[in-house]
Every structure is written in C-alpha cells, then in structure tokens.
1. Can you tell me which residue within the range 37-59, out of those that are within 10 Å of the chain's Cα centre (by Cα) and assigned to a strand (DSSP E or B), is surrounded by the most Cβ atoms within 10 Å (Cβ to Cβ)?
2. Every residue in the range 1-11 that is surrounded by fewer than 10 Cβ atoms within 10 Å (Cβ to Cβ), modelled with pLDDT of 75 or more and not in a helix (DSSP H, G or I), please.
3. Got at least one residue in the range 12-33 being out of contact with any strand residue (DSSP E or B) (no Cβ under 7 Å at 6 or more places or on another chain), in a helix (DSSP H, G or I) and modelled with pLDDT under 80?
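The values are calculated or read from the model by the stated rules, or taken from the named source; none is laboratory data. Here the structure is a predicted model, which means the values were calculated and not measured. Cβ atoms come from the backbone with ideal geometry, glycine included; neighbour counts cover every protein chain shown.
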C-alpha cells in the first residue's frame, strides 16, 4: 500500500518510517504463529470506562456460557471437555 487516496493526514497517522502501522494487537506463540487479538483504536466507552471489544465479549461469554450450554443440543457439546 502506498498511501490513502486523497487523505494525506491519514497517511501521516499510519505510515511511520515507510512502515504501515495497523494498530493490531498481536501475539506470537512459541512455534512462531501470529494471532491478532484486537485493534487498539476500537475502544468503546461503557459507564465512563474505556473498554476494548474483547473485554466486553469475554464478560458476555463468561456470563452466558452456562446458560447456552444447557440450551445447546448434545451434538453441539461433543467437543466440550466437561
């Protein structure tokens, strides 16, 4: 990617020393595999607090998983370790 079309201000925000900064938060495991965890610029405000989408999704998952687990049929739970 060379630049944003007709957006010179955006060019200065994402291109640093000819590198494209995507604001992705990445993790690299011991085998060298890269996983994109989230984006730094996707922050929402809930009750006056800055919250990343993955934090919100994790809370929903923890709160709703026991309920959903009882509603899912047995064939969905085949991979469930518990």
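1. Initially, the range 37-59 is screened for residues within 10 Å of the chain's Cα centre (by Cα), giving 37-40, 42, 52-55, 57.
With the extra rule that they be assigned to a strand (DSSP E or B), the set shrinks to 37-39.
Numbers: 37: 10, 38: 16, 39: 14.
Restricting to residues being within 10 Å of the chain's Cα centre (by Cα) and assigned to a strand (DSSP E or B), the top hit is 38.
2. Scanning the range 1-11 gives 5, 6.
3. Keep residues of the range 12-33 that are out of contact with any strand residue (DSSP E or B) (no Cβ under 7 Å at 6 or more places or on another chain), which gives 12-13, 15-22, 29-33.
Subset that is in a helix (DSSP H, G or I): 12-13.
Still in the list and also modelled with pLDDT under 80: 12-13.
Yes, the range 12-33 has at least one match.
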